[in-house]
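Have a look at the structure below, then the notes.
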Amino acid sequence: MRVAIVHEWLETYAGSERVVEQLLHCWPQADLFAVCDFLPEAERGFLGGRTPRTTFIQRLPFARTRFRWYLGLMPLAIEQLDLAGYDLVLSSSHAVAKGVLTGPGQLHVSYVHSPMRYAWDLQHQYLRQAGLERGLRGAFTRWLLHRLRAWDRASAAGPDVLVANSTYIAERIRKAWRRDAVVIHPPVDVAAFPLQREKSGHFLVASRLVPYKRVELVAEAFRRMPERHLIVVGDGPGEAAVRAAAGDAPNIELRGRVGRAELVRLMQTARAFLHAAEEDFGIALVEAQACGTPVIAYGRGGARDIVRIPPDPAPTGLLFAEQTAEAIVAALARFDALAPAITPEACRRNAERFGAERFREEITALVARHLAGGGP
């Protein structure tokens, strides 16, 4: 059987690349395709020596550092990939990869990280944050997103099977594309985050400091609770907003970017891991749970699939309903009452539901059923 794996673009080794890594484990004979490939040499190990076949985007001016400028050309680019000789096509898609062209006799399974957020429900937020609400550039961007939205829905009819990385993304697929999707959670390297039963007194946020992560809300909440110790790990363009929200509160530490070993140690020893963003899935939440650490998270997005909350007999954290500092303060008070019922062992068992071996078993079983004509 000839297998093709199609990824969006290769720029860094992050969440969607972990999915590609596991797909390559499942189908080691597969050929790899991408819109463009600018992955640093130090991060190419998961490709197993493969050189992806790319599109004309790879050769356009300034593509190495500005390939996203060519988003409007990517639907055309992805449709130029010739996959006619393959029996099975697996696409890893958060923008255009699902739009590859396949024909009768080919099975196309698309693992969807999300429909184009910036073209659908997050369009207005994207335009606001990019300063593109007005003017000629703003008008052009809105026109482009309108065209992308139409193509996105039309191309969503192409895959034979859609797989969503969370219940939340399955709901977004149903809303945007009017199609159903099977949920298979992404692989998480649970083994890299060992269980530790002994905890210290600090609470932890580990995140890129960008606006949608809402880390400034956590900082503002802890500024109102001087008796609680917060450590914030991460950097990014939203750092100034986080520092402003923290003020000069002595109970809030902004550590910036730390090494992997230090991050694991802070996760292992935290009293709880806090997360205020609406995530498609939320790999960091699973990593914290693997360490035996409870999670306090905003109750929309992938967190609903990850955190076990009361009345579950083995809770692993709690969710708060609003992205406000007040809601976080109230959640911390609820956590004090719930904490005795949360055990590190329950958190670890919960995290193990999301391991890489489970992902490989679920995706290969799904493909086998469809190849055999058995459906979902």
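The values are calculated or read from the model by the stated rules, or taken from the named source; none is laboratory data. Since we're looking at a predicted model, the values are computed, not measured. Note that each Cβ is placed from the backbone with ideal geometry, even for glycine, and that neighbours are counted across all protein chains shown.
What's the number of the condition Ala221 fails, among (1) in contact (Cβ under 8 Å) with a residue 60 or more places away in the chain; (2) part of a helix (DSSP H, G or I); (3) under 23 Å from Asp121 (Cβ atoms); (4) out of contact with any strand residue (DSSP E or B) (no Cβ under 6 Å at 6 or more places or on another chain)?
All conditions are met except number (3).
Before we move on, is Leu132 outside any loop (DSSP other than H, G, I, E, B), without any contact (Cβ under 8 Å) to a residue 60 or more places away in the chain, crowded, with 16+ Cβ neighbours inside 10 Å and not assigned by TED's automatic domain parsing to the domain that holds Ala181? Let's see the steps before the verdict.
Values: outside any loop (DSSP other than H, G, I, E, B): no; without any contact (Cβ under 8 Å) to a residue 60 or more places away in the chain: yes; crowded, with 16+ Cβ neighbours inside 10 Å: yes; not assigned by TED's automatic domain parsing to the domain that holds Ala181: yes.
Spelling it out, it is not the case that Leu132 is outside any loop (DSSP other than H, G, I, E, B), without any contact (Cβ under 8 Å) to a residue 60 or more places away in the chain, crowded, with 16+ Cβ neighbours inside 10 Å and not assigned by TED's automatic domain parsing to the domain that holds Ala181.
Just one of (1) over 25 Å from the mean Cα position of the chain (by Cα); (2) hydroxyl-bearing (Ser, Thr, Tyr); (3) not assigned by TED's automatic domain parsing to the domain that holds Leu24 trips up Tyr126, so point out which.
(1)
Of everything in segment 247-268, what is surrounded by fewer than 18 Cβ atoms within 10 Å (Cβ to Cβ) and closer than 27 Å to Asp305 by Cβ? Give them in sequence order. Write out each step before concluding.
Looking only at segment 247-268, we keep the residues that are surrounded by fewer than 18 Cβ atoms within 10 Å (Cβ to Cβ), and these are 247-251, 253, 255-262, 265.
Of everything in segment 247-268, those that are surrounded by fewer than 18 Cβ atoms within 10 Å (Cβ to Cβ) and closer than 27 Å to Asp305 by Cβ turn out to be Arg260, Arg265.
Write out, first by first residue and then by second, each pair whose Cβ atoms fall under 9 Å of each other, whose residues are 6+ apart or on separate chains, and whose first residue, in segment 143-166, is over 29 Å from Val367 (Cβ atoms) while the second is hydroxyl-bearing (Ser, Thr, Tyr) and modelled with pLDDT under 95.
Note: pairs meeting the criteria are Leu145/Tyr118; Leu145/Tyr126.
Of (1) more than 22 Å from the chain's Cα centre (by Cα); (2) assigned to a loop (DSSP other than H, G, I, E, B); (3) not charged (D, E, K, R), Ala277 satisfies all except one. Which?
(1)
Hey, among the residues in segment 77-106 that are of a type in the set (A, V, I, L, M) and surrounded by fewer than 18 Cβ atoms within 10 Å (Cβ to Cβ), which one's nearest to the chain's Cα centre (by Cα)? Give the steps one after another, and end with the answer.
Applying the first criterion (of a type in the set (A, V, I, L, M)) to segment 77-106 yields 77-78, 81, 83-84, 88-90, 95-97, 100-101.
Among the residues that remain, those that are also surrounded by fewer than 18 Cβ atoms within 10 Å (Cβ to Cβ) are: 84, 101.
On the way: Ala84: 30, Leu101: 25 Å.
If we take residues in segment 77-106 being of a type in the set (A, V, I, L, M) and surrounded by fewer than 18 Cβ atoms within 10 Å (Cβ to Cβ), then Leu101 is nearest to the chain's Cα centre (by Cα).
Pick from segment 308-326 the residues that are of a type in the set (A, V, I, L, M, F, W, C) and over 20 Å from Tyr212 (Cα atoms): which of them is farthest from the chain's Cα centre (by Cα)? Let's see the steps before the verdict.
Filtering segment 308-326 down to residues of a type in the set (A, V, I, L, M, F, W, C) leaves 309, 314, 318-321, 325.
In the following step, the residues that additionally are over 20 Å from Tyr212 (Cα atoms) were identified as 309, 314, 318.
On the way: Ile309: 21, Ala314: 26, Leu318: 20 Å.
Across segment 308-326, the extreme among qualifying residues is Ala314.
Name the residue, out of Val232, Val264, that is hydrophobic (A, V, I, L, M, F, W, C) and assigned to a helix (DSSP H, G or I). Step through it out loud before you land on a result.
Values: Val232 fails: assigned to a helix (DSSP H, G or I).
So the residue among Val232, Val264 that is hydrophobic (A, V, I, L, M, F, W, C) and assigned to a helix (DSSP H, G or I) is Val264.
Being more than 17 Å from Ala331 (Cβ to Cβ) and acidic (Asp, Glu) is the filter here; which residues of segment 219-251 pass it?
If the condition is that a residue be more than 17 Å from Ala331 (Cβ to Cβ) and acidic (Asp, Glu), then Asp235, Glu239, Asp248 are the ones that fit.
Answer yes if at least one residue in segment 142-150 is outside the structural domain of Glu79 (by TED's automatic domain parsing), over 21 Å from Arg128 (Cα atoms) and over 23 Å from the mean Cα position of the chain (by Cα), and no otherwise. Give the steps one after another, and end with the answer.
So in segment 142-150, the residues outside the structural domain of Glu79 (by TED's automatic domain parsing) come out as 142-150.
Keeping just the survivors that are over 21 Å from Arg128 (Cα atoms) gives 150.
From what's left, over 23 Å from the mean Cα position of the chain (by Cα): 150.
The answer is yes; a qualifying residue exists.
Please enumerate the residues belonging to segment 57-80 that are in a helix (DSSP H, G or I) and farther than 16 Å from Leu148 by Cβ. Please lay out each step first, then the result.
Step one: list which residues in segment 57-80 are in a helix (DSSP H, G or I), which gives 57-59, 63-79.
Correct list: Gln58, Arg59, Ala63, Arg64, Thr65, Arg66.
Scan (1) surrounded by 22 or more Cβ atoms within 10 Å (Cβ to Cβ); (2) among the small types (Gly, Ala, Ser); (3) more than 20 Å from the chain's Cα centre (by Cα) for the single condition Ala240 breaks and write down its number.
Condition (1) is where Ala240 drops out.
Taking segment 359-375 as the search range and keeping residues that are in contact (Cβ under 8 Å) with a residue 60 or more places away in the chain and out of contact with any helix residue (DSSP H, G or I) (no Cβ under 7 Å at 6 or more places or on another chain), which one is nearest to Pro28 (Cα to Cα)? Please lay out each step first, then the result.
First, the residues of segment 359-375 that are in contact (Cβ under 8 Å) with a residue 60 or more places away in the chain: 359-360, 362-364, 366-367, 370-371.
Cutting the leftovers down to out of contact with any helix residue (DSSP H, G or I) (no Cβ under 7 Å at 6 or more places or on another chain) gives us 362, 366-367, 370-371.
Values: Glu362: 17, Leu366: 17, Val367: 15, His370: 19, Leu371: 18 Å.
Checked segment 359-375; the qualifying residue nearest to Pro28 (Cα to Cα) is Val367.
Considering only residues that are part of a helix (DSSP H, G or I) and either modelled with pLDDT of 70 or more or loosely packed, with under 15 Cβ neighbours inside 10 Å (or both), which ones fall in segment 119-128? Steps first, answer last, please.
Taking segment 119-128 as the starting set, the residues that turn out to be part of a helix (DSSP H, G or I) are 119, 123-128.
Gln123, His124, Gln125, Tyr126, Leu127, Arg128 - these are the residues of segment 119-128 that are part of a helix (DSSP H, G or I) and either modelled with pLDDT of 70 or more or loosely packed, with under 15 Cβ neighbours inside 10 Å (or both).
Exactly one of these conditions fails for Arg223: (1) more than 21 Å from Asp336 (Cα to Cα); (2) at pLDDT 95 or above; (3) of a type in the set (Lys, Arg). Give me its number.
(1)
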